[in-house]
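Input: a single structure, listed below in structure tokens.
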Amino acid sequence: MASKIAAQLYTIRHACQVAEDMAESLKKVADIGYEHVQLSGHGDDLQPEDIKQWCDDAGVEICATHTSFERMRNDLEGVVEEHRIYDCTYAGIGGLPAEYRESGEGYADFAVEASKVAKQLAEHGLVFIYHNHSFELEKFGDRTGLEILFEESDPDYFMFEPDTYWLQHGGASPVKWLQKMGKRAPVVHFKDMAMKGREQLFAEIGEGNLDWEGIIEACEASGVEYYIVEQDTCQRDPFESLKISFENLRAMGVE
């Protein structure tokens, strides 16, 4: 059985801006043991055909992407074609566009609009996934923004890519949200949180304070397909951080 553990290339974005660097970076990721990657943060000038070839050469598969909602809405055919080249099913956005963030009505409007786009993507065999930060935990009346997105979107097409760090950062329970989302969270961003005095830091998986036993148990119960390791900011070389996270997850029994 192939590993479920994937590397979010945003972690090593500094080394994915030009062709030579990205090709080499993918080989380094594969050497750590990752068999899958999520595309995000790489150089804008890099072409999908080249990226796919570099992944093939390194022996890694593209399991998910991040692109803008504006592009999904305005260039659906281009997004579909790009994912066909990548042989990738999960088409993600990295967060809520700014114009929807100011009110509960904005969140509800986005849930409806994104559901329509998600249905169009589904007609082409793709799955729309929404990645959260902590600002979605702001309350509008008696519901958080994330609750509005979850409740007002179409559960058949609008899926999630919950981020464990950002849920915790926003004061929510990653475990409870994973349980709540269930099958609507087919991929999850694994990210740990450590403390330095009163400062919250991004940390390698298992090097911080999140409840990994509970998180992994919830993921296994709902059949999460990919555990995508991401670290926005590293306290050491980002490749070393990816290696520590990978080895710690393996030590926890994650395949």
Item to check | Reachable lysines, given that their alpha-carbon falls under 18 Å from the alpha-carbon of LYS119 and they are not under 8 places away in the same chain | outcome: LYS183
Checklist outcome for this item: Fewest to most Cβ atoms within 10 Å: TYR165, TYR10 sort as TYR10, TYR165
Item to check | the chain, helix-only ellipticity at 222 nm - DSSP H runs n ≥ 4, -39,500 (n - 2.57), divided by all residues, nearest 500 | outcome: -12500 deg cm²/dmol
Checklist outcome for this item: Computed over all unlike Cα pairs, the Kirkwood hydrodynamic radius of region 86-165 in Å stands at 12.8
Checklist outcome for this item: Stokes-Einstein D for the chain (25 °C, 0.890 mPa s, Kirkwood Rh from Cα pairs), in µm²/s, comes to 133
Checklist entry - Over the chain, what is the mean sequence separation of C-alpha contacts under 8 Å (at least six apart), divided by residue count, expressed as relative contact order in percent? => result 19
Checklist outcome for this item: Row for region 131-255, column shape: gyration tensor on C-alpha, a ≥ b ≥ c, rounded if a/c < 1.5 i.e. under 1.5, prolate if a/b over b/c, else oblate; value oblate
Checklist entry - LYS243: which lysines have alpha carbons under 16 Å from its alpha carbon, excluding same-chain residues fewer than 8 sequence positions away? => result LYS4, LYS27, LYS28, LYS191
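Bear in mind these aren't lab numbers, they're just calculated from the coordinates by the rules spelled out. Treat the numbers as computed from the prediction; the structure is a model and nothing was measured. Backbone-built Cβ (ideal geometry, glycine too); neighbour counts: all protein chains shown.
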